[in-house]
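S.K.: First the structure, which I've put down as structure tokens, then a few questions once you've had a look.
Nothing in this text is a laboratory measurement; each read-out follows from the coordinates by a stated rule. What you see is a predicted model; the values in this text were computed from it and never measured. So basically every Cβ, Gly included, is an ideal-geometry build from the backbone, and we count neighbours across all protein chains shown.
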């Protein structure tokens with residue numbers, strides 16, 4: 001093997017090895033950063049740590065949070081970790097069709113009571129995530145959810 005062939009062969013091998021090393025380093029760094037910026041996602045979800053106290057306004061969900069079935073997200077309000085046994089048909093809300101129902105379910109929103117508990121910050125966050133600017137306010141999803149919940153369960157959410 002002459003010097004030029006030897007040089008190019010070893011350079012190519014070095015580049016491949018470095019590419020693999022940097023790829024793995026990037027995966028590890030991404031995993032680490034994801035855990036720091038989004039603690040409710042991934043491995044932390046199944047954590048056996050004691051549940052944090054339920055903030056004011058979410059007292060109706062105390063049992064779900066304490067059992068670990070649901071959690072209070074800072075920007076999305078109460079979200080379920082998995083679908084609860086008693087789900088509501090969110091398509092009863094005018095403006096929520098099957099596609100939006102699926103998107104809400106993907107975020108952990110399954111009940112009218114959850115939507116009825118949304119405040120302005122949560123509504124603004126969902127407006128961004130669902131890419132429908134002000135639709136939640138315009139179609140009064142919170143008011144509709146309260147009325148539908150009262151009609152179905154007889155419980156007035158205020």
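S.K.: What list do you get for 6, 110, 80 if you sort them by fewest beta carbons within 10 Å?
M.R.: Going from sparsest to densest Cβ surroundings: 6, 80, 110.
S.K.: Based on the Cβ-Cβ distance of residue 75 and residue 19, what FRET efficiency does E = 1/(1 + (r/R0)^6) give at R0 = 41 Å, to the nearest 0.05? Mind dumping the intermediate values first?
M.R.: On the way: r = 37 Å, r/R0 = 0.90.
FRET efficiency, residue 75 to residue 19: 0.65.
S.K.: If you stretched the chain out fully between residue 134 and residue 120, how much longer would it get, using 0.36 nm times the residue separation minus the C-alpha to C-alpha distance?
M.R.: 4.0 nm
S.K.: Can you give the relative contact order of the stretch 59-153 as a percent, counting alpha carbon pairs under 8 Å and 6+ residues apart?
M.R.: Details: 101 pairs, mean separation 24.3, N = 95.
Across the stretch 59-153, relative contact order equals 26 percent.
S.K.: Quick one: order 61, 22 by neighbouring beta-carbon count within 10 Å, fewest to most. Each step should come with its number before you reach the end.
M.R.: Numbers: 61 22, 22 10.
Going from least to most buried by this count: 22, 61.
S.K.: Let me ask something else about it. What is the distance in Å between the Cα centroid of the stretch 59-124 and that of the stretch 134-156?
M.R.: Distance between centres, Cα-based: 13 Å.
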